Amino acid sequence: MTSSSDATLSYSDEQGNATWTRYVREISVAAAYLLLLSILALFTPRYFQAKFAASWVDMAPVLVAAVGMTLVILARHIDISIGSQFAICGVVAGLLARNGLPMPAVALCTIACGAAMGAVNGIFVALMGLPSIVVTLATMVILRESLRWGRQGAFVQDLPRGFQWFGQSQFTGQVSLVATALIILALFAWAMRWLAAGRSVYAVGSDQEAARLAGVRPKRVVFNVFMLMGALTGLAALLGAVRFPNVDPNVGQGLELNVIAAVVVGGVAISGGRGTLVGTLIGVALLGTIGSALVFLDPHHPGERSLGAWERAIQGLIILVAVASDGLGRRKS
Amino acid sequence: MSTLDISPIALPAPRQGRPLVQPQQLILAALLAFEIAIFSLIGSRFLTWDNFFQVQRLNVELGLLALALTPVIVSGGIDLSVGSLMGLSAVLFGMMWRDREMSPWLAGAVTIGVGGLAGLLNATLITRLRIPPLIVTLGSFSLFRGIAEGLTGGYDNFTNFPKSFLFLGQGNIGPMPAQIPILLIAAAGFWVLLHRAAIGRALCAIGFSPEGARHAGIPVERRIGLVYVLSGLMSALAAVIYVSRVGQAKADAGTGYELLAITAVVLGGTSIFGGRGSIIGTLMGLFAIAILQNGLRLADLRPELAGILTGTLLLVAIGLDWRPSSRAMVAQAGAPGSAAEEFDMKNSQVAAICAVILAAALIVVGGNFMLVKSIQQGGGGASFSGTNGSGGGRGPAAGKKVTIAMMPKSMGNAYFIAAQKGAQDAAKELGVELLWDGPTDTDPAKQNEIVDTWITRGGIDVIAVAVENRDGIASALRKARDKGIKVVTYDADTTPDARDFFVNQATPEGIGYTLMDSAAKSMGGKGEFAIITASLTASNMNEWRKNIEARLKEKYPDIKLVDTRPCDDKQDKAFSETNTLLSKYPDVKLIMAICSPAVPGAAEAVKQAGRKDVHVVGLGLPNQNKAYVHEGITDAVILWNTMDLGYLTVLASDALAKGALKPGDASLPGGRIGKIEIKGDNILLGTPFIFNKDNIDKFDF
């Protein structure tokens, strides 16, 4: 699995190049996901009849946003404004469709709208060198409050028939949603590994100064990453919105932290430069399945508190266990 | 590597070359002065002691968090878990007090201890396992809130704390709110810790370069551990004060506080990269945000502006902190005279901040002019003389307009937008001035804050509130009544002694029973059903659920409620929860959605699942559900006429202010709705209305 292009990765703190050592996180999270699935298969096989496929439709928008977040975190930055961007892009898509734009144009404009918001973050972070966590904290608040001001929480209603599922039937719509998300993931996973542009993200995230000396332009890379993050958020919002015949402007609150959690559980190092999109995929799948799995595994004795109330606690526990095992592994070696 | 000018043993070094106040703090001070000047011009009663202390009281919990976060950020870390830990601490505190029958003070002490332990958990993971603080606290952010939700099932809450305990959060020592000394002591403690103790120097060194600090002989792990433990202790203390102020302990305490606290700290000039920061700056940042929120309210401006301006300020503040490369950072920390250099570098940014301040001022002033203009226009036609019978100190004088301040549960909610429309109609008809303001964020204590601001603002005759937190808001409303302001509640009630009348759109029994009855009708009297609610913590939904379950037990032995799931007031979450329920319980015949975004969400899920045998009933707005009702998925949408609710609330408030409505009255002339019945202190809008295929097209809201 070692190729020369991996030279930019900073694996200096890890020993051995064996596949197992390198992908231990991806493998263990995948194992956890499979374990969860097999528990479900054992106790409530019904899960696979209906919910399994549906849960992937639900996860498609999150997955697309997580692809963007993976790039941002690989470049050693963070973007907590995506929840607000997500809501704005959804509303924009709805309003454009209602004004009679054809769906392809709606899709393009929505993605462009996301890219524009991402570019604003990019200007502050890359060109002005401001800390991304503070910049995106500020834009998160500004965007969310502006949307509230503008929409006052009203749904975008009376959308044309062509809006839901892009005018396709429900089944094709659902399939194309999941397919879009997976294709985006595969495309980026390929690009991150084999294209110079992808490697430069790793390079900048590992050591910005070294990357600069090696001929990469860190500012440009970071700016592009933030713009891509915005564009992908726009696409995610579109995928989220077309599942419904109307648009709810309150969506996306808390999306940023869910996405970051999924990316981190998938093994992307918050200190930049290390991690894969495959890991992100598994992280999204694991955290996205917990909620419905708890409902399914709930033995449900009437009058008792349902297991579902513990969803958030278990998600938190998974994050901590995942990163703690990382830390323990590092101590041993 | 850089050479730090910190002696190996890190004694409090003489502050050579460092100006007492840093440039950013000077600008922040100027900004504060500017805010105060603007708001005392355009806000009513902004510059009063009353208001000053009011702002401080609301600021204490956030202040404690921001204080604790300052050393955390100075040491190069971050703590996202503080708000969640507040929720967990509040729940633990409530459980110990109610279920273990501890005295509140003992429970408080134990809670703070547990907070310290939670901080220790963060600290251990960060220092022992070397995991970045951002991730550790992101995990504990979910974990702490999750445990709080799990322990209470989300809906259990704790109230009726003894008066002596509530004094801590609601009482006054002289003119000063009782919790202020705690904040002052904490601020002094943190100031000494950060600026006058060896530990503070060590934290700066660690934030600047952990490796360098280690070489300088600083016990890096222990110092870092200390700041996270302190942050845990402070979060728990903040939770106790919060519970005492709001009078209620619930799992949602402190939601979103972590980001507000971080904003205050960064605005105060603490570098997010670590190595530099000040407690005084944090306090100033805190006040800048608080004054902005308070001032905008008192000036009757859009509350959304507060968030927008705070975000802009934050961007400008870090813009001022601009260090283009890491080399500048070294220079800054290394050379004593660097402060001056820093200042030179920033002329363009100073210009930028001035521009932003000016722009903000223009928005504020412009908005105010327009508002004054619109009021004058609105007031021009309707000149009436209020026949003011009762009414206390601030009752409307003859010839003065009645002013009604009306609050929805949250801004940006279609349900309340319809109510607002009705309220505006009534206000126009009667020629009263209507203020409309409500919480824009998820902070459950926000309603109290707005009521307090209205009390300070003065000139308000009646406050009408759609209550989110039944017991939580009672203290604020009682205070309003003490000041002679009439209080009306609508949509959801508070405790009876905290208001004059409740405009009851339908009793919880009425709603619960109607929902259960229409569900039973759709189900043919037998089978399984499930409920989608907004959040497991919303008080009135829990009231409805109680009544739904009561009706179920009493009348429908063949129907079984299989599960209840929250949708966070979001359509997409309602969709996926419904989907989960449908597949987990294949025999479910009906989904009952009891918050408005959940009804279309549930219907869409049923539609997409192709389950023609499953019905949906719910509480919602006709417009959002028309399509599903016509498709035959949603059988019935239950609601009162929301516009009428707003209309009637203003009508009743106006009558109350003029003395036309007194306790004991049996009816009220209801304007365009017709005569309205009053039962005790409940003004009854009527029974809930059932929208179905036949009538839904007649309504447009």
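The values are calculated or read from the model by the stated rules, or taken from the named source; none is laboratory data. Note that the structure is predicted; figures quoted are calculated from it, not measured. Glycine also receives a Cβ, built like all others from the backbone with ideal geometry; neighbour counts cover every protein chain displayed. Only protein heavy atoms, including side chains, enter the accessible area calculation; ligands, DNA and RNA are left aside. Shrake-Rupley method; radii C 1.70, N 1.55, O 1.52, S 1.80 Å.
Averaged over peptide A:321-329, the number of partner chain Cβ atoms lying within 10 Å of each residue's Cβ comes to 4.
For segment B:508-639, the Kirkwood hydrodynamic radius comes to 14.0 Å, computed from all pairs of different C-alpha atoms. Ranked by the mean number of other Cβ atoms within 10 Å of their residues, highest first, the peptides A:156-169, B:83-96, A:111-124, B:572-585 come out as B:83-96, B:572-585, A:111-124, A:156-169.
For B:Glu528, the residues 5 or more places off, or on other chains, whose built amide H falls under 5 Å of its own are B:Lys560, B:Lys589.
Ligands, DNA and RNA aside, B:His630 has an accessible area near 80 Å² when probed at 1.4 Å. In the protein assembly as shown, the calculated helix contribution to ellipticity at 222 nm averages -20000 deg cm²/dmol per residue, counting -39,500 (n - 2.57) for every DSSP H run with n ≥ 4. Computed from backbone phi, the HN-Hα couplings of segment B:496-502 come to x, 7, 9, 8, 7, 9, 10 Hz, rounded to whole numbers (Karplus: 6.51 cos²θ - 1.76 cosθ + 1.60, θ = phi - 60°; Gly and Pro given as x). For chain A, the square roots of the Cα gyration tensor eigenvalues, ordered a ≥ b ≥ c, give a/c of at least 1.5 with a/b no greater than b/c, which places it in the oblate category. Across peptide A:151-159, the average count of Cβ atoms from other chains found within 10 Å of a residue's Cβ is 5. Using C-alpha pairs under 8 Å with a sequence gap of at least 6, the mean separation divided by the residue count of segment B:89-147 gives a relative contact order of 23 percent. Computed on segment B:508-639, with alpha-carbon pairs under 8 angstrom and 6+ residues apart, the relative contact order is 26 percent. Comparing Cα centroids, segment B:262-318 and segment B:119-194 end up 21 angstrom apart. Computed on protein heavy atoms with a 1.4 Å probe, what is the summed buried accessible area for the chain pair B and A, in Å² to the nearest 100? Interface between B and A: roughly 6600 Å².
Let me know the shape class of segment B:434-548, please: from the alpha-carbon gyration tensor, a ≥ b ≥ c as square roots of the eigenvalues, rounded when a/c is under 1.5, otherwise prolate if a/b is greater than b/c, or oblate. Prolate shape, in that a/c is at least 1.5 and a/b is the bigger ratio. Annotation note: trypsin sites (Lys or Arg not before Pro) in segment B:58-156 located in DSSP loop regions with a Cβ neighbour count of at most 15 within 10 Å are B:Arg100, B:Arg130.
Note down the accessible area of A:Val91, probe 1.4 Å, to the nearest 10 Å². Accessible area of A:Val91: about 10 Å².
Taking 30 Å as the cut-off for C-alpha to C-alpha distance, list the pairs among B:Lys607/B:Lys675; B:Lys607/B:Lys698; B:Lys546/B:Lys662 that go past it. Result: B:Lys607/B:Lys675; B:Lys546/B:Lys662 exceed 30 Å. Residues of segment A:22-70 that bury at least 30 Å² of accessible area when the other protein chains are present, relative to the chain alone (probe 1.4 Å, heavy atoms, ligands and nucleic acids excluded): A:Arg46, A:Lys51, A:Asp58.
Taking a ≥ b ≥ c as the square roots of the eigenvalues of the alpha-carbon gyration tensor, the protein assembly as shown is classed oblate because a/c is 1.5 or more while a/b is no larger than b/c. For the protein assembly as shown, carbon and sulfur atoms together expose 63% of the accessible surface, with a 1.4 angstrom probe and every protein chain in place.
Net length available on complete extension from A:Ala191 to A:Arg330 is 47.2 nm, with 0.36 nm assigned per residue and the Cα-Cα distance removed.
Please report the spacing between the Cα centers of segment A:225-291 and segment B:448-487 in Å, no decimals. Rounded to whole Å, the Cα centres lie 41 Å apart. Ligands, DNA and RNA excluded, the heavy atoms of B:Leu143 present near 20 Å² of accessible surface to a 1.4 Å solvent probe.
Counting Cβ atoms of other protein chains within 10 Å of each Cβ in B:406-413 and taking the mean gives 3. For the protein assembly as shown, the solvent-accessible area of protein heavy atoms averages 37 Å² per residue (probe radius 1.4 Å; ligands and nucleic acids excluded).
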